[in-house]
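Comments concern the structure below.
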Amino acid sequence: MIMACIEKIYSVSALVGKGKCNAKCSFCAGEYLRPEAKEDELYHKNLEAAIKLSARYGGWSLSLTSSGEATCDPDALTRALKTYDKCAKEGAYFPNVNLFTNGILLGNEDYCNTYLDKWRSLGLNNVAISIHDVDEDKQAEVYGVKSYPPLEKIVENVESHGLGVRATLLLRRGGVDDYKKYKEAVETLIEKGIKNITSWPIGNPDNTRNKFTPSRRGLVGIRAWLKLNAKICHGHVWGGGVYDYKGSIVRYTNYVTKHNPRKDFVRQLVVFQDGTVAYSWIRDGALCMR
Ligand code: SF4
């Protein structure tokens, strides 16, 4: 096999906190990682190393996520951002620092007033809300909670602290799974004030399809709709791309990219909660730091 030298590491994804979650999704993708959710010196040392490595290899984005819901462990999030802030002050700066969240706690003004300014001062600049359905009642149903806050309220709460709001539109069989529902969802999100939307199909952590993944036909239809109705801004080497749809950003990508040692790029370094850093969410054959 011909190996390639790594020339580019686009981003870092870090799992934070102990894996607590305030939702009960039937297809939870984080569950399998929870047994290893802890945080120690090794985790922060390797998070720092991963950020510095990616920044040196041209990376531009840090994603903070969790094997549960990151906002349920705000102190762990603060500690991770402090590690990032230290790196940024030493020159390893990312223009995009995104918090991935189900958004439930961000409907609460007191919660936002307590944490968002602090996180912004440590370098956070965007909050990405996971959307299963643009209708809040249906969104509550998917999350297995009694109610879900109005999206407009979340946007207002987050933006009032100087942070940007993005949506992660999750494509799920029975939910948004064809181009008509996709168009409707994108337009509703834009109406509700979210003008930067990333979408990907739900699947297994090893990138295989499962019963929640939309049909291949449905996904082809969504990609074709984007191609015909939006202007491509740039493509991703791992597949998909970023489009301009009537002045809003709509990105179509895949959930996970398996590391390929024959390629000269790494989509993302993943910092797991046991301190392992891997070249992809699929750790097998992709170890970078232990
Ligand atoms: S919000 Fe995320 S972590 Fe929580 S149950 Fe749903 S999929 Fe799992």
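Readers should treat all values here as calculations from the given coordinates under stated rules, not as data from a laboratory. Note that the structure is a prediction, hence the values are computed from the model and not measured. Cβ sites come from the backbone with ideal geometry, for glycine too, and all protein chains shown count toward neighbours.
I'd like the full set of residues that are within 16 Å of the ligand (Cβ to nearest atom) and basic (Lys, Arg), limited to region 99-146.
Residues satisfying the conditions are LYS138, LYS146.
Taking the residues in region 6-22 that are touching a Gly at 6+ places or on another chain (Cβ under 9 Å) and outside any strand (DSSP E or B) as candidates, determine which candidate is farthest from the ligand (Cβ to nearest atom).
GLU7
Filter region 35-53 down to the residues that are under 30 Å from GLY144 (Cα atoms) and surrounded by 17 or more Cβ atoms within 10 Å (Cβ to Cβ), then identify the one that is farthest from the ligand (Cβ to nearest atom).
In this case the residue turns out to be GLU39.
Having 3 or more residues that are within 23 Å of ASN108 (Cβ to Cβ) is the bar; report the strands (runs of 3 or more DSSP E) wholly within region 146-255 that clear it.
Output list reads 164-171.
Quick one: is ALA70 without any contact (Cβ under 8 Å) to a residue 60 or more places away in the chain and among the small types (Gly, Ala, Ser)?
So ALA70 fits the description; yes.
Within region 244-252, can one find any residue that is in contact (Cβ under 8 Å) with a residue 24 or more places away in the chain, at positive phi and under 16 Å from the mean Cα position of the chain (by Cα)?
no
Quick check, is ALA128 out of contact with any Gly (no Cβ under 7 Å at 6 or more places or on another chain) and either closer than 22 Å to TYR84 by Cα or surrounded by fewer than 19 Cβ atoms within 10 Å (Cβ to Cβ) (or both)?
Spelling it out, ALA128 is indeed out of contact with any Gly (no Cβ under 7 Å at 6 or more places or on another chain) and either closer than 22 Å to TYR84 by Cα or surrounded by fewer than 19 Cβ atoms within 10 Å (Cβ to Cβ) (or both).
So, in region 57-81, how many residues would count as being of a type in the set (Gly, Ala, Ser) and either in contact with a His (Cβ under 9 Å, 6 or more places away or on another chain) or assigned to a helix (DSSP H, G or I) (or both)?
Within region 57-81, residues that are of a type in the set (Gly, Ala, Ser) and either in contact with a His (Cβ under 9 Å, 6 or more places away or on another chain) or assigned to a helix (DSSP H, G or I) (or both) number 3.
Could you grab me the full set of residues in region 64-95 that are exposed (fewer than 15 other Cβ atoms within 10 Å of the Cβ) and touching a strand residue (DSSP E or B) at 6+ places or on another chain (Cβ under 8 Å)?
PRO95, the sole residue that qualifies.
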